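Visitor: Would you mind keeping the following structure in view while I ask a few things?
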Amino acid sequence: MNRRDFEEAYLVADGVEVLWMDNPNDAQENTDMDEQYGKAVASGRPPVVRLWRSGFADGLSLSRRDVAGERGMAALEQTRNEGLEVVIRQTGGTAVPQGEGVFHVSWILPRTSQTVTTDAYFRLLVKPIIAWLRELGLEAATGALPGSYCDGTYNILVENRKLVGTAQAWRGGLAGTGSRHPGYILAHASITTEVDFEAARLWINRFYERAGKDYRMEADTSISLVQTLPSIFAGVGKKGRNEAALSSLKDFLCAWLPQRGVKVLGDSV
Amino acid sequence: MSQVMQGLKYSKEHEWVKLDGQRATVGITDFAQAELGDIVFVELPAVGQQLKANTTFGTVESVKTVSDLFAPLSGKVVEVNERLQDSPELVNSSPYEDGWMVVLEVEDTAGMNELLDAQAYEAHIAE
């Protein structure tokens, strides 16, 4: 057992179900599954770590803030008219590239009456991913990276470039467990196995130009698993590479979490 | 210490209500804004929308976190604070004044009786 490097295990004291559940052929439904699981968790279902592939079509995930207002909605429509798949997500932040080279990890947990900060949930989310990357031989750490897509303190950086983006949604009333609507917490990570970041940069910046917003993604702020670990994907096609990475992380979680005192209640695909 | 304004009514969901005739102005409390931290986006309903008490009427996004807002009363939205679209930080700096969110036209004000007065709300957040 090694619990000292995962103090956040107390947030899932009764265990979690680790599952791979997605529908990449319907990108929005795929994204919205987090909300469906969230509602179930809020109603008493055990907490879930959901692993899922992005929709297969190239595109963007945008927050509701991104598409707010007339210009935001117009930018959304123009982006879709150009053939990009755009999903609207429930977490905050800014645009994130999507496509068959991206997968996600969603921790979906009930609200707690304990005083817990978003930092604690971010650590819960990122520590196992960093441990997995280290097992693959990568030095990874959290940190902000101005100019990266959906920048935040809990980016996971490799070679000083962004490999993983993170965000949260706390659904339910502001009163938390004291609310009539206690809701759930979604802590989400988006992991890039293989993305054309130059194309993504153009899509993202064009969207924000049209929306009249200042946010811009800068070149050379991102990195993918294929770029940094090409050897482990040798001979595997793009879709296969993403699935291989997702499977690898899922297997890792199912082994790593119990070693830190977190019971894995099931690990269905 | 969070500021609680006398003369307002409060929900346990940390929303405040100021009733003027049939018009109820709604916002979130100083306690709530402090818990959320820096607010970067407020999503509010359209004017004309009918709200039902205890159902969600919008969201408030602090740095990379999104939370739901619940209507403390039933009523029709007759005004929305448009300033929050460009200046959501007003909810942090002035939760009871410039950071108001919506004005509802309330047909039945009996729902006000279920809300807390300032003293009861102070006790609630002290729990």
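The values are calculated or read from the model by the stated rules, or taken from the named source; none is laboratory data. Nothing here was measured: the structure is a model prediction, and the numbers come from that model. Methodologically, a virtual Cβ is constructed for each residue, glycine included, from the backbone with ideal geometry; neighbour enumeration extends over all protein chains shown. Each accessible area value is taken on the protein alone, full model and side chains, heavy atoms only, with ligands, DNA and RNA left out. Shrake-Rupley method; radii C 1.70, N 1.55, O 1.52, S 1.80 Å.
Visitor: Of all alpha-carbon pairs in chain A, indicate the percentage at a distance above 31 angstrom.
Guide: Across chain A, Cα pairs with separations above 31 Å total 22 percent.
Visitor: Return, for the Cα atoms of the stretch A:134-191, the radius of gyration and Dmax in Å, separated by a comma.
Guide: For the stretch A:134-191, the Cα radius of gyration and maximum Cα-Cα distance read 15.3, 46 Å.
Visitor: Quick check on the stretch A:106-154: take the gyration tensor over C-alpha atoms, sort the square-rooted eigenvalues as a ≥ b ≥ c, and tell me if it's rounded (a/c under 1.5), prolate or oblate.
Guide: On the way: a/c = 2.60, a/b = 1.41, b/c = 1.84.
In terms of gyration-tensor shape, oblate.
Visitor: Answer with one residue from A:Ala199, A:Gly165, A:Pro146: the one whose Cα lies farthest towards the positive end of the charge dipole of the stretch A:115-246, charges on Cβ with Lys, Arg +1 and Asp, Glu -1.
Guide: Among A:Ala199, A:Gly165, A:Pro146, the one farthest towards the positive end of the dipole of the stretch A:115-246 is A:Gly165.
Visitor: On to the next question. Ignoring ligands, DNA and RNA, what accessible area per residue does chain B give at 1.4 Å, in Å²?
Guide: Numbers: 6050 Å² over 127 residues.
Here the residues of chain B average 48 Å² of exposed surface.
Visitor: Output the residues of the stretch B:32-80 meeting this criterion: accessible area (heavy atoms, 1.4 Å probe) in the chain alone minus accessible area with all protein chains in place is 40 Å² or greater.
Guide: B:Phe41, B:Asn54, B:Glu61, B:Lys64, B:Thr65, B:Val66, B:Asp68, B:Phe70
Visitor: Compare B:Asp38, B:Asp98, A:Asp34 by solvent-accessible area with a 1.4 Å probe and give them largest first, with all protein chains kept in place.
Guide: B:Asp38, B:Asp98, A:Asp34
Visitor: Moving to a separate point now. Restricting everything to alpha-carbon atoms, can you work out Rg to Rh for the stretch B:1-96 with a Kirkwood hydrodynamic radius?
Guide: Over the Cα atoms of the stretch B:1-96, Rg/Rh equals 0.93.
Visitor: List the equivalent ellipsoid semi-axes of the stretch A:30-118 in whole Å, largest first, each obtained as the square root of 5λ for an eigenvalue λ of the Cα gyration tensor.
Guide: 28, 16, 10
Visitor: Right, another one. Whenever you get a sec, compute what percent of the accessible area on the stretch A:3-258 sits on carbon and sulfur atoms (1.4 Å probe).
Guide: 47
Visitor: Right, here's the next one. Tell me the accessible surface of A:Lys213 in square angstrom (1.4 angstrom probe, heavy atoms of protein chains only), to the nearest ten.
Guide: 60
Visitor: How much of the DSSP beta bridge set in the stretch A:3-258 is antiparallel, as a percent to the nearest 5?
Guide: For the stretch A:3-258, the DSSP antiparallel bridge percentage is about 80.
Visitor: Accessible area per residue, 1.4 Å probe, Å², for chain A: what's the number?
Guide: Value returned for chain A: 40 Å² of accessible area per residue.
Visitor: Right, something else. Given only helices, namely DSSP H runs of n ≥ 4 each adding -39500 (n - 2.57), what is the per-residue ellipticity at 222 nm of chain B, to the nearest 500 deg cm²/dmol?
Guide: The helix-only estimate for chain B comes to -4500 deg cm²/dmol at 222 nm.
Visitor: Convert each backbone phi in the stretch A:245-258 into a coupling constant with the Karplus relation 6.51 cos²θ - 1.76 cosθ + 1.60 (shift: θ = phi - 60°), then list the ³J(HN,Hα) values in order as whole Hz, x for Gly and Pro.
Guide: Values, residue by residue: 5, 4, 4, 4, 5, 4, 4, 4, 4, 5, 8, 6, 4, x Hz.
Visitor: Kirkwood Rh over alpha-carbon pairs of the stretch A:11-162, then Stokes-Einstein at 10 °C and 1.306 mPa s: what D in µm² s⁻¹, rounded to an integer?
Guide: The diffusion coefficient I find is 94 µm²/s.
Visitor: Using helices alone, what [θ] at 222 nm do you get for chain A, with -39,500 (n - 2.57) per DSSP H run of 4 or more residues, divided over all residues and rounded to the nearest 500?
Guide: -10500 deg cm²/dmol
Visitor: If you take the accessible area of B alone, add that of A alone, and subtract the area of the pair, what total do you get in Å², probe 1.4 Å, to the nearest 100?
Guide: Looking at B and A, the buried total is near 1900 Å².
Visitor: Could you check the simple spin-label distance between A:Gln36 and A:Ser231, using points 7 Å along Cα→Cβ, in nm with one decimal?
Guide: Result for the modelled spin labels: 4.1 nm.
Visitor: Under 25 Å Cα-Cα from A:Lys162, which lysines qualify once same-chain neighbours fewer than 8 residues away are excluded?
Guide: Partners found: A:Lys127, A:Lys213, A:Lys238, A:Lys239, A:Lys250, B:Lys64.
Visitor: What spacing in nm lies between the two simple spin-label points modelled at A:Ser247 and B:Ala34, each 7 Å away from Cα in the Cβ direction?
Guide: Modelled inter-label distance: 5.3 nm.
Visitor: I'd like the accessible area for A:Thr228, computed on protein heavy atoms only with a 1.4 Å probe and all protein chains in place. Round to 10 Å², please.
Guide: Only protein atoms counted, so the area is about 20 Å².
Visitor: To continue, here is another question. Which pairs in the list A:Lys39/B:Lys9; B:Lys9/B:Lys52; B:Lys18/B:Lys76 are over 20 Å apart, alpha-carbon to alpha-carbon?
Guide: A:Lys39/B:Lys9
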